Structures are given as structure tokens and as C-alpha cells.
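Notes to accompany the following structure.
What follows is calculated from the coordinates using simple rules that are stated; it is not laboratory data. Computed from a predicted structure; not experimentally measured.
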Amino acid sequence: MPFAPLLAALVFGGWAMYVNRQAGLTIALRSGLAQGVYAIFCTQIVGRVAVDVFRRTLGMRWRCILSFGASFLAMIAIPAVLHRTIGTPEILAAVLPGLIWGSGYIVVILGALSRDIEFQ
């Protein structure tokens with residue numbers, strides 16, 4: 001789906017704008033733009049972290065735990081730093097939908113990786 005990153009940018013960027021609307025138009029737009037741009041790249045970044053950590057860790061349980069933890073940390077740290085830098089007042093509210101959907105995405109990736117190992 002080539003339009004998926006743009007759709008994510010619109011949905012998650014729009015949400016960040018909405019939750020920061022009371023801080024004024026400039027902050028809402030800036031927050032929405034930052035979250036939208038991050039949403040475009042988030043899938044690649046988080047997916048790459050999950051796969052790389054999974055492949056470099058021994059033991060299935062540790063692979064899944066460390067891969068999820070590292071991916072989740074990247075998924076929360078990058079936008080948190082971004083929003084803090086630009087002065088977003090409602091950081092958690094702005095990133096929460098992405099964290100929820102992103103966590104599910106990580107679980108799907110790890111499930112696929114785990115199945116691939118079982119069938120080798």
C-alpha cells in the first residue's frame with residue numbers, strides 16, 4: 001500500500017493537532033506536522049529495530065522480549081524528543097494512538113519472525 005504512510009501521516013498528525021488545539025494554531029500545526037512526518041518513517045524505523053534485535057538475540061523468549069522492548073522504546077523516544085524539542089504541550093496524548101497501533105504492529109512482526117524460525 002503506497003498510500004499507507006501518507007494516510008498514517010494524516011491520521012496521526014491530525015490527531016496531534018487536535019489534542020494540542022487549545023495551545024493555539026501555531027503549536028497545533030507544528031505538533032501535527034512533527035507527528036505526521038514521524039508517522040511516515042515510523043513503520044520503517046520500528047520494524048527495522050524489531051527485526052535487527054530479534055535476529056541478534058539468542059533464545060526465543062529473550063528475542064521477543066528484547067525486540068519488543070527496543071522497538072517500543074524507539075517508538076516512544078523518537079516522537080517524545082521531537083515533540084519536546086518543538087514545545088508540544090500534550091506529548092503523551094499526541095503519541096498515544098501511534099503507540100497503541102505501533103505495539104500491535106510490533107507484535108505482528110515478532111509473530112511472523114517467530115513462525116519463520118519454527119519452520120526452518
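Some values worked out for this structure:
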{"read-out": "GNM flexibility winner over the chain from Ile106, Ile78, Ile91 (Cα, springs under 10 Å)", "value": "Ile78"}
{"read-out": "Extended-chain gain in nm, criterion 0.36 nm per residue less alpha-carbon gap, Val37 and Leu10", "value": "8.8 nm"}
{"read-out": "Using alpha-carbon coordinates, inclination of helix 60-86 to the longest axis of the chain, degrees", "value": "20 degrees"}
{"read-out": "Choice from Ala94, Ala80, Ala16 with maximal GNM fluctuation in the chain (Cα, 10 Å cutoff)", "value": "Ala80"}
{"read-out": "Measure of compaction for the chain (Cα Rg per 2.2 N^0.38 Å)", "value": "1.16"}
{"read-out": "Estimated vicinal HN-Hα couplings, Hz - the stretch 9-19 in sequence order (Karplus 6.51, -1.76, 1.60; Gly, Pro = x)", "value": "4, 5, 5, 6, x, x, 5, 4, 5, 4, 6"}
{"read-out": "Largest to smallest principal axis extent of the C-alpha atoms in the stretch 50-120, angstrom", "value": "48, 19, 14"}
{"read-out": "For the stretch 52-57, 3J(HN,Hα) per residue [Karplus equation, 6.51 cos²θ - 1.76 cosθ + 1.60, θ = phi - 60°, Hz, x = Gly/Pro]", "value": "4, 5, 4, 6, 9, 10"}
